[in-house]
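Taken together, the values in this text are just the output of simple stated rules run on the coordinates, not laboratory data. The structure displayed is predicted, hence computed values, not measured ones. Using ideal geometry, Cβ is built from the backbone for each residue, glycine included, and neighbour counts are taken over all protein chains shown.
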Amino acid sequence: MDYDVIILGAGAGGYKAAVHLLKNKKKVLMVEKEKFGGECLNYGCIPSKALIEMSESIYYLKNMPGVSIDYKIDMNAWQEWKNKMVSKITGNAEGQCRALGADIIYGFGTIKDENTLNVNGKDYTAENIIIDTGSVPARIPGIDNVYYNREILGIDHVPESIAVIGGGYIGVEIGTAMAKLGSKVYIIEAKDRILPEVNEELSKAVDKKLRSLGINIMTSSKVLSVSKDNYYKVKTENGEISSEIVLMSVGRIPNTKDIGLENVKIEMDGRFIKTDNHRRTSVKNIYAIGDVTTGPMLAHKAFYDAYVAAENIIGNDVIVDYKAMPYVIYTDPEISFTGYVSKNSKKIMTSAVPRALTMNDSDGFFRIYYDDDGTVTGAAIAAPRSSEIITEVSLAVESYLNIKDLLLTVHPHPTIAEGIHDDFEN
Ligand code: NAI
């Protein structure tokens, strides 16, 4: 065999798997059709957070009592900075893999048989294969020529108006950022609330704040057609919208076509690759991780899958357990969730957390869930930088900690994390 492992797709998961395998002396080939780092680093998580950070900084100063600011946004200059920042991250990741000894080939890889992958007309063999080919945006048939995550994060100016089709993760994050940058924003969501897959209390907190930012939210509303002249015309079940840009964010579909899965007769779960809790497919030496498998389409889920698959290839018997899989949506308030809901919970408002008041950003709440014996089961948090503190609760869930452990953990003052601690003081 040429390699111990061939990794198909050098996205978030593929990269993490490679590093772990290489550090454990495995000979690794990575095959990537486009850019090292995949969707998250190049066109998703990283650039979107940079845009959101800019919009929040402007909004923060604009709303600070006693401050008046006059500002100009040069999106071309921002894009130049953002592209360099992204290249630094992806370049470091690729450099690390090469330094650890990985071979990396750019080209479209297809699985020929359970030990062989073909790329650029040449066959390469390996004991194991990891599939991490990611996902692409879902499209609505008949609606073309609109923006998706890649195009919206590559804009050269702040649009005057934007209609967002789909009020999920992407729609709500980008909609919030654009509203804070000055665009008129419409969010059209087919279900009866934005963020329909998210904890309802969190979704309601976001809905309230976004409406106060002037975002026009249309729920239970499907898009019927989109046409483009000078401006877009978006016909919905509830009327017509005219906007400069249309962003389509109606979910993502796994990249499982044309990669040769039929050659090895891998079992599928619809368009997703079926895996066991070792991340092994129905073909015992082929693993699948990240968006091509069922579960949340999150980069950190792909990282976790990658570690588990790599550990099993190394020879350790490790299984996935998603009980404390956090999710974060970088909207306003920033919302985070981990673990699971149980019938007992304690709630405090973010406005009771002094650090939030110093930030002039105190919308939201902290709700911690626990079992009858006090074991922490999860949390829903809507507060500034909740993304930075949710891991404390994940660790509590993973470690079966009691609410008293949270109370007895000294939290520095003043911090947002005091909201987790203060929940149990009364
Ligand atoms: P999504 O699945 O989060 O949301 C899609 C939304 O579109 C749903 O609310 C759905 O009801 C709605 N929808 C579907 N068809 C529609 C129609 N015809 N008209 C109106 N609404 C319609 O998908 P999204 O926002 O495209 O994001 C893709 C993936 O990227 C997500 O699965 C998410 O996990 C990931 N992501 C994660 C982020 C984070 O972790 N902060 C940020 C951005 C994306």
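The stretch between Lys208 and Phe108, if pulled fully straight at 0.36 nm per residue, gains 31.5 nm over its current Cα-Cα span.
Once R0 is set to 45 Å, what does the formula 1/(1 + (r/R0)^6) return for the Cβ-Cβ distance between Asp144 and Thr409, expressed as a FRET efficiency to the nearest 0.05? Result of the calculation: an efficiency of 0.25.
Kindly rank 195-204, 212-221 from highest to lowest mean number of other beta carbons found within 10 Å of each residue. The partial results should precede the final answer.
Numbers: 195-204: 17.4, 212-221: 15.8.
Sorting 195-204, 212-221 by mean packing, highest first, produces 195-204, 212-221.
Normalising the average separation of contacting C-alpha pairs (under 8 angstrom, six or more residues apart) by the number of residues puts the relative contact order of the range 149-250 at 34 percent.
Peptide packing: for 98-107, 246-255, the average count of neighbouring Cβ atoms within 10 Å per residue gives the ranking 246-255, 98-107, highest mean first.
Taking every alpha-carbon pair under 8 Å whose residues sit at least 6 apart, the chain reaches a relative contact order of 14 percent. Near Lys228, once Lys and Arg are set to +1 and Asp and Glu to -1 for all other residues with Cβ below 14 Å from its Cβ, the sum equals -3. Projecting the Cα atoms of Phe365, Ser336, Ser399 onto the charge dipole of the range 327-419 (Cβ charges, centred on the Cα centre) puts Phe365 farthest toward the positive pole.
Rounded to the nearest whole angstrom, the semi-axes of the ellipsoid equivalent to the range 297-426, taken from the Cα gyration tensor as √(5λ), stand at 28, 18, 12, largest first.
Once you list every other residue whose beta carbon is under 12 Å from the beta carbon of Glu334, what net charge do they have if Lys and Arg are +1 and Asp and Glu are -1? Intermediate results must be reported in sequence, preceding the final value.
Details: positive: Lys49, Lys209, Arg385; negative: Glu53, Glu56, Glu173, Asp332, Asp361, Asp363, Glu388.
Net charge in that neighbourhood comes out at -4.
Okay, helix-only estimate at 222 nm for the chain: each DSSP H run of n ≥ 4 adds -39500 (n - 2.57), divide by all residues, round to 500 deg cm²/dmol; what do you get? -10000 deg cm²/dmol, from helical runs alone. By the rule of a C-alpha distance below 19 Å, with chain neighbours fewer than 8 residues away ignored, the aspartates and glutamates paired with Lys233 are Asp144, Glu151, Glu160, Glu189, Glu244.
Subtract the Cα-Cα distance of Asp156 and Ala77 from 0.36 nm times their separation in residues, and report this length gain in nm to one decimal.
Values: separation 79, 0.36 × 79 = 28.44 nm, distance 0.89 nm.
Extra length from Asp156 to Ala77 when fully extended: 27.5 nm.
For the Cα trace of the chain, dividing Rg by the Kirkwood Rh returns an Rg/Rh value of 0.98. Among the trypsin sites (Lys or Arg not before Pro) in the range 314-415, those located in a DSSP loop and surrounded by at most 12 other Cβ atoms within 10 Å of their own Cβ are Lys343.
What the Cα atoms of the range 149-250 give is an Rg and a Dmax of 12.6, 40 Å.
Three semi-axes describe the equivalent ellipsoid of the range 214-288; taken as square roots of 5 times the Cα gyration tensor eigenvalues and ordered largest first, they are 42, 14, 10 Å.
Please report, to one decimal in angstroms, the Kirkwood hydrodynamic radius of the range 243-334 built from all distinct Cα-Cα pairs. Write down the numbers at each step before the final one.
On the way: mean 1/r = 0.0671 Å⁻¹.
Result for the range 243-334, one decimal place: 14.9 Å.
When peptides 324-331, 84-91 are ranked by their average number of other Cβ atoms within 10 Å per residue, the highest-first order is 324-331, 84-91. Look at where the Cα atoms of the range 29-95 and of the range 255-310 average out, and the two centres are 29 Å apart.
Please state, rounded to one decimal and in Å, the Kirkwood hydrodynamic radius that the range 1-114 gives when every pair of distinct Cα atoms enters the mean of 1/r.
On the way: mean 1/r = 0.0609 Å⁻¹.
One decimal place: 16.4 Å for the Kirkwood radius.
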